[in-house]
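What follows is a set of notes on a single structure, which appears directly below.
The values are calculated or read from the model by the stated rules, or taken from the named source; none is laboratory data. Since we're looking at a predicted model, the values are computed, not measured. Don't worry about glycine lacking a Cβ; one is built from the backbone with ideal geometry, like all the others, and counts go over all protein chains shown. Note: accessible area is taken over every heavy atom of the protein model, side chains too, but ligands, DNA and RNA are not part of it. Shrake-Rupley method; radii C 1.70, N 1.55, O 1.52, S 1.80 Å.
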Amino acid sequence: MTIPSVVTSKSEAETSDIGKQFAGQLRRGDIVGLFGELGSGKTRFVQGVCAGLQVDEPVISPTFTLVNQYTGYNGEGRTLQIQHIDCYRLTSIDELIEIGMDEMLSSNDICLIEWPQLVEPLIPDTYWKIVIESGRNENLRTIHIERSFVGGHDDSRY
Ligand SMILES: Nc1ncnc2c1ncn2[C@@H]1O[C@H](COP(=O)(O)OP(=O)(O)OP(=O)(O)O)[C@@H](O)[C@H]1O
Ligand SMILES: [Mg+2]
């Protein structure tokens, strides 16, 4: 997958597949922010990412739990911890701190964050920005994938 990318998805299975392909880009400690309206497909995308990282348990929405954790594997078969976070119900930085956002962001875990608007100021440097837009028909989505440089630094790995 070349980055930045703009891809069209015509079904939830396609969105999941795009997430699965994108997972190949991820490295330990990466942060992924998923933007898009309610029901746009952020969780479907995350399910694909987790499939790509060989998570072998069901990936369900953290709507109520706020954070779900999974174990996956990178390309070399090394273990990765994955944090799937949903910030929709959170309204203050204090609440983010309470759920351990600071630790998660500075850890080696992969953080997949739905509704990340509130989190953006806490992101140290660079993150993957995924924006899912709904299309003209019910199943159509446009998915934007890019690296976002919070502090304006260059990130030589990419
Ligand atoms: N192309 C598509 N990609 C993803 N989901 C699709 C697509 N077409 C239809 N859908 C439907 O849209 C819904 C997406 O749900 P999902 O839980 O992934 O959304 P979400 O963005 O995580 O929402 P929330 O903000 O509530 O967490 C599902 O019901 C899915 O069947
Ligand atoms: Mg969701």
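Some notes on this structure:
- log₁₀ of I(q)/I(0) at q = 0.10 Å⁻¹ - the range 64-158, Debye sum with one point per alpha carbon: -0.33
- Listed residues Gly135, Leu105, Phe64: farthest to the positive end of the dipole of the range 5-149 (Cβ charges): Gly135
- What the range 5-149 shows is 50 Å² of accessible area per residue, with the surface traced by a 1.4 Å probe over protein heavy atoms.
- The label point for Val6 and the one for Ile60, both projected 7 Å from the Cα toward the Cβ, are 3.7 nm apart.
- Heavy-atom accessible surface of the range 5-149: percent carbon and sulfur, 1.4 Å: 46
- Among Arg147, Arg89, Arg136: highest mean-square fluctuation, GNM of the chain, C-alpha pairs under 10 Å: Arg136
- If both residues of a DSSP beta bridge must be in the chain, then about 60% of such bridges are antiparallel.
- The range 98-146, Rg to Rh (Cα coordinates; Rh as Kirkwood inverse mean 1/r): 1.08
- If you bin all the Cα-Cα distances of the range 5-149 at 10 Å, starting from zero, the percentages per bin are 12, 46, 35, 7, 0.
- Net charge dipole size for the chain [Lys, Arg +1 and Asp, Glu -1 on Cβ; Debye, nearest 20]: 520
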